[in-house]
Each structure stands twice: as structure tokens, then as C-alpha cells.
Amino acid sequence: MSKRDQMRKPDFLSDAEWTYLKEQTSSLDRIRSDGKADVEAYLANPDGRSTGAGPSGLPTLLLTSIGRKSGETRTVALVFLQNGEDLVIVGSLAGYDRHPAWYLNVHANPNCWVQLDRRKMAAVARDATEKERKELWPKLTRLLPLWGLFQEQTDRPFPIVILAPTGRA
């Protein structure tokens, strides 16, 4: 039995929110399917997404990377933290014991593209240093407390990735 199977409802979620969260993260297939729908919804109506005006209420970007196996572009919608000019993302995968595919892709090829609302830019991805991780983690869990809950569900340290914009895409 995995730690995810033993997750307990945190105080900051209502019973209805907890039930919804468990349904939304019940399987990797469900997460992938919902992720594709999130990208489509973002592309259909991108205005305000980067400032939290989208359905999640959280600042969201689109990350496009090159598939490490396929060589094809792959796009995901991710919650992010603005840190100066950099954008910070977390590879939580809802606390599952494997890294998300997007992380494996940018780890293999750090050149990527980011979309904030309608603005598209090239970027370079890198893992946060240990010092940066210690500084960023409290900010990240304030932004999305679920990251803290999900981190408790796995022994896998969540990657914290810093996207440094390099110019227009």
C-alpha cells in the first residue's frame, strides 16, 4: 500500500473539496486526461490565466517541452510562482512516486517554451539549487498548500524547476 492510499484530509479542505481532490488525482490516467483538457481550455481562453483569473484561481502557465523519447513537442498547464524574472514550477504529480513527464523532458532538454496568457517566450529550465529550494518551498506551499500535502505522500523529493525566459518564442 502506498502512502497516497493512506492520505488524510487536511484541515484546510472541506469534505467536498477533499472528495473532489481524491477523484481528480485517483489515477495517472485521470491526471493526464484532465491535463490535456486544461491545456485546451487555456488555449481557448488564455487571458488572465497567468494571474489566477482562470478556473483554478491560481497563476497558471503553459510549458512546452520536447519529448525525450518522441522528439515531439508536449504542452502542459502548470501552476507557477513568479520569482523576479524567473518562473518556478513544481513536479508534484499529485504525490505519485514518479516524476511527471514534463520534468523528465526538460531535464533531458532544458530548452523549452512558456506561454503566459497570450505572451509566448523561449526559456531554459534548470533544477533549483538546495539553497533556492529552501527559500522557495515555503512560498510555493503558501501559493498551493496541496504541494505540501502531496509531498508527504511520497519519498520522492519534488523537483523545483526554475524557468528563465530567454526571449520571444
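Data overview
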item: Condition met for Tyr103 (in contact (Cβ under 8 Å) with a residue 60 or more places away in the chain and either within 21 Å of Ser27 (Cβ to Cβ) or touching a helix residue (DSSP H, G or I) at 6+ places or on another chain (Cβ under 9 Å) (or both)); result: no
item: Qualifying position, being under 24 Å from Asp29 (Cβ atoms) and either among the β-branched types (Val, Ile, Thr) or modelled with pLDDT of 95 or more (or both), among Leu149, Leu140, Leu78, Leu136; result: Leu78
item: Filter result for the condition that a residue is among the hydrophobic types (A, V, I, L, M, F, W, C), farther than 23 Å from Gly48 by Cβ and part of a helix (DSSP H, G or I), over Trp147, Trp137; result: Trp137
item: Residue in segment 100-117 that is loosely packed, with under 15 Cβ neighbours inside 10 Å, closer than 16 Å to Val79 by Cβ and touching a Leu at 6+ places or on another chain (Cβ under 9 Å) present; result: no
item: For Gly167: the one exception among (1) at pLDDT 95 or above; (2) outside any helix (DSSP H, G or I); result: (1)
item: Arg156 being surrounded by fewer than 16 Cβ atoms within 10 Å (Cβ to Cβ) and of a type outside the set (Gly, Ala, Ser); result: yes
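The values are calculated or read from the model by the stated rules, or taken from the named source; none is laboratory data. No experiment lies behind these values; they were computed from the predicted model shown. Using ideal geometry, Cβ is built from the backbone for each residue, glycine included, and neighbour counts are taken over all protein chains shown.
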